[in-house]
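Colleague: This is the structure, below, for whatever I ask next.
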Amino acid sequence: MHVAEGGFDVPLKCSPEEYKHFVEPAMQEAQNSNFPSALDIVENGLNAHPASEGLMFLKAYFGYKIADTMSSELSSFPKVIQPLGNGVLMVDGAMTSQLLGKFQEIVKILSEAEESINELLQVNPSSQEVVAFKGYIDSKRNQLGKESENMKATISNTPNIAGDFCVGCRKSISYDTQKVVFRKTPNSQLEAWHLPCFQSNAKN
């Protein structure tokens, strides 16, 4: 039996029993793009047959497909940074935190997929297809990990640049839960405002 996806054509070594009870039903779920259910079936199979190379590969493969689907969904995520004109930016702190959480969730799933591939390589170190798939997972995980780290660094560094208080009401700003507006002053200082404070100031 073979799984062909994105250039990977991997022969799955598994017994007729594993194929009938786990591989076949998992592949049926996968054909309907129901990768979480497919992964559940495969993980149940690994509990019963922990040395199955075919099930180990499918665990990594379905984990990767779940992460890939989640990554695609991020493109429809509301924009966390919106320009308001004249160099003014509005950042949605709550959305940024949610996005960061999604990134971390995807990286975790990819790390688990990679663990499964590493186990498989211990059993079958010479499989070029498995080595190639590991490289594919690695690059995806590293890319998302970097984006996540950059976002975290920006959030944690913002109070050092723009301060902890709203210019309008002088109350504290929660950068990870509130909508915050950033504006540069004529002397290039960065101001931070709560969005409602900025809006009411703009009307005056």
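Colleague: Go through segment 137-154 and report how many residues are of a type outside the set (D, E, K, R) and surrounded by 16 or more Cβ atoms within 10 Å (Cβ to Cβ).
Modeller: As a first pass, look at segment 137-154 and keep what is of a type outside the set (D, E, K, R): 137, 139, 142-145, 148, 150-151, 153-154.
Then keep just the ones that are surrounded by 16 or more Cβ atoms within 10 Å (Cβ to Cβ); that gives 137, 144-145, 148, 151.
Of the residues in that region, 5 qualify.
Colleague: Let me ask you something else. Looking only at segment 14-45, which residues are in a loop (DSSP other than H, G, I, E, B) and either surrounded by fewer than 18 Cβ atoms within 10 Å (Cβ to Cβ) or touching a residue at least 60 places away in the same chain (Cβ under 8 Å) (or both)? So that I can check it myself, show each step before the final result.
Modeller: First, the residues of segment 14-45 that are in a loop (DSSP other than H, G, I, E, B): 14-15, 32-34.
Listed by number, the residues that qualify are Ser15, Asn32, Ser33, Asn34.
Colleague: Do we have any residue at all in segment 151-164 that's out of contact with any strand residue (DSSP E or B) (no Cβ under 9 Å at 6 or more places or on another chain), part of a loop (DSSP other than H, G, I, E, B) and modelled with pLDDT under 90?
Modeller: Looking through segment 151-164, none of the residues is out of contact with any strand residue (DSSP E or B) (no Cβ under 9 Å at 6 or more places or on another chain), part of a loop (DSSP other than H, G, I, E, B) and modelled with pLDDT under 90.
Colleague: Out of (1) touching a residue at least 12 places away in the same chain (Cβ under 8 Å); (2) over 17 Å from the mean Cα position of the chain (by Cα), what's the single condition that is false for Thr185?
Modeller: Single failed check for Thr185: (1).
Colleague: Taking the condition surrounded by 13 or more Cβ atoms within 10 Å (Cβ to Cβ), within 23 Å of Lys152 (Cβ to Cβ) and in contact (Cβ under 8 Å) with a residue 24 or more places away in the chain, does Ser71 pass?
Modeller: Details: surrounded by 13 or more Cβ atoms within 10 Å (Cβ to Cβ): yes; within 23 Å of Lys152 (Cβ to Cβ): yes; in contact (Cβ under 8 Å) with a residue 24 or more places away in the chain: yes.
Taking the combined requirement at face value, the residue satisfies it.
The values are calculated or read from the model by the stated rules, or taken from the named source; none is laboratory data. Remember, predicted model here, so these are calculated numbers, not experimental data. All Cβ positions, glycine included, derive from the backbone under ideal geometry; neighbour counts span all protein chains shown.
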